[in-house]
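The values are calculated or read from the model by the stated rules, or taken from the named source; none is laboratory data. Only a predicted model underlies this, so the values are computations on that prediction, with no experimental measurement involved. Using ideal geometry, Cβ is built from the backbone for each residue, glycine included, and neighbour counts are taken over all protein chains shown.
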Amino acid sequence: MLEPIDDLPDGCIGLSAVGQFTIDDFTTAVEPDVESMVQRHAKLRLILHLGQRFEGFGEGEWGELTDELRHIRFHRGAVVTDDGHLSGAINVLKWTLHGHVRTFHNRELGAAIRWAAT
């Protein structure tokens, strides 16, 4: 499940994953906000926090998520996680996305939000 990150700067969409992450979480929690920002012609900024309460991706969910992300045009995307394998995968994936992506450690959540907001 995805929970919103509160008190973000204007133009940012931020979510924290709790438990197992599914593509339904993404389409329910992220896509409506993305559509709203696209209609306002705003620069889209995404923050995804995969912290201590994140338990991983359901079977096949990582592949579906990466397919979804490849179709979204955004200005900046911050992925916050201490999982080294996941950070490495994001750093490879970022070259196929339509926006600037950076990974941060969990302790750097504030820095990730500030970076995405600029």
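Report whether or not ASP33 is under 19 Å from MET1 (Cα atoms), modelled with pLDDT under 90, part of a helix (DSSP H, G or I) and in contact with a Leu (Cβ under 6 Å, 6 or more places away or on another chain). In short, no. Just one of (1) in a loop (DSSP other than H, G, I, E, B); (2) modelled with pLDDT under 85 fails for ASP25. It is (1). Name the residue that is modelled with the highest pLDDT, counting only residues in region 39-67 that are surrounded by 15 or more Cβ atoms within 10 Å (Cβ to Cβ) and assigned to a helix (DSSP H, G or I). Ranking the qualifying residues of region 39-67, first place goes to LEU65. When region 83-99 is filtered for residues that are outside any helix (DSSP H, G or I), out of contact with any His (no Cβ under 7 Å at 6 or more places or on another chain) and within 19 Å of LYS43 (Cα to Cα), the ones remaining, listed by number, are LEU97, HIS98. Considered as a group, the residues in region 1-38 that are within 20 Å of HIS100 (Cβ to Cβ) and charged (D, E, K, R) include one that is surrounded by the most Cβ atoms within 10 Å (Cβ to Cβ), and that residue is ASP33.
Does PHE21 qualify as being touching a Gly at 6+ places or on another chain (Cβ under 9 Å) and aromatic (Phe, Trp, Tyr)?
yes
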